[in-house]
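Novice: Shown below is the structure under consideration.
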Amino acid sequence: MAATVCDHPMIRQALGELRKKETPPLEFRSRVGELARYLTYEAARDLAVASYEIETPVMKTTAERVAEERIILAPILRAGLAMIEGAMATFPHAQVRHIGIFRDEATALPVEYYVKLPRVLDPETLVIILDPMLATGGSACMALDAFRRRGVTRFKFVCLIAAPEGVAAVEACAPGVPIYTASVDERLNEKKFIVPGLGDAGDRCFGTT
């Protein structure tokens, strides 16, 4: 699998709170943001760094900073909105670009309804796509394709939980794109929900049904 499961006690704790059906929307959103920060932090682990000179109160020395200059955080609406605050805590200078995709309940296929992107993007831009759930993989592949049509070649995908079917779909549509998640769950059920999952992330974030 191309998915990296980020295993840490704080991640496991936050994920458990998300899975509980009793968790209210306010706490649910807070936990989504918490996990988004942890997971984007892990996704940044292999970014290149550059050295530069600084002066401490004691002496001059060398420090390092992330050399990446062009980063876009791309939440898939609507549930991905809850991940933005946490992701921007990791990447405070990143641009944010939105893509609206919903799943047709009758066919389980993704439907694109909103894309706010420039016609052309720098191919060296790193795009980090944010979506709480990687279920069938349809929305992920549609979002990746929207950026690829605009010239982007560098991606990371960050989700809270994934199904094996979704991971396989991303591997098929975008080979080599790394996926960072807190868990790869068992499977999809007959309604294409992740099992054991955490329900509909958008509904639980925003108190809708």
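The values are calculated or read from the model by the stated rules, or taken from the named source; none is laboratory data. The shown structure was predicted, so the numbers you read here are calculated from the model rather than taken from an experiment. Note: ideal-geometry Cβ built from the backbone for every residue, glycine included; neighbour counts use all protein chains shown.
Novice: Of everything in segment 60-102, what is crowded, with 19+ Cβ neighbours inside 10 Å, more than 12 Å from the chain's Cα centre (by Cα) and farther than 23 Å from Arg149 by Cα? Give them in sequence order.
Specialist: Thr90, Phe91
Novice: Just give me the residues in segment 135-160 being closer than 14 Å to Gly202 by Cβ and either out of contact with any strand residue (DSSP E or B) (no Cβ under 6 Å at 6 or more places or on another chain) or among the hydrophobic types (A, V, I, L, M, F, W, C) (or both), in sequence order.
Specialist: Listed by number, the residues that qualify are Ala135, Cys159, Leu160.
Novice: Against the definition (assigned to a loop (DSSP other than H, G, I, E, B), over 16 Å from the mean Cα position of the chain (by Cα) and within 23 Å of Ile71 (Cα to Cα)), how does Glu105 come out, yes or no?
Specialist: no
Novice: Another question about this same structure. State whether the residues of segment 180-201 include one that is under 20 Å from Leu73 (Cα atoms) and surrounded by fewer than 20 Cβ atoms within 10 Å (Cβ to Cβ).
Specialist: No, every residue in segment 180-201 fails to be under 20 Å from Leu73 (Cα atoms) and surrounded by fewer than 20 Cβ atoms within 10 Å (Cβ to Cβ).
Novice: Among the strands (runs of 3 or more DSSP E) lying completely within segment 25-82, list those that include at least 2 residues that are more than 28 Å from His98 (Cβ to Cβ) and acidic (Asp, Glu). Full working, then the answer.
Specialist: Numbers: elements: 49-55, 60-66, 71-77.
Per the criteria, 49-55.
Novice: If you take the residues in segment 12-23 that are without any contact (Cβ under 8 Å) to a residue 24 or more places away in the chain and more than 20 Å from Ile84 (Cβ to Cβ), which one is surrounded by the fewest Cβ atoms within 10 Å (Cβ to Cβ)?
Specialist: Glu22
Novice: Which pairs have Cβ atoms under 6 Å, sit 6 or more apart or on different chains, and link a residue in segment 186-209 that is farther than 14 Å from Asp131 by Cα and among the small types (Gly, Ala, Ser) to one that is in a helix (DSSP H, G or I) and at pLDDT 90 or above?
Specialist: Gly207/Pro25
Novice: Can you name the residue in segment 120-139 that is farther than 26 Å from Leu15 by Cβ and of a type outside the set (S, T, N, Q) and, of all such residues, is surrounded by the most Cβ atoms within 10 Å (Cβ to Cβ)?
Specialist: The selected residue is Leu121.
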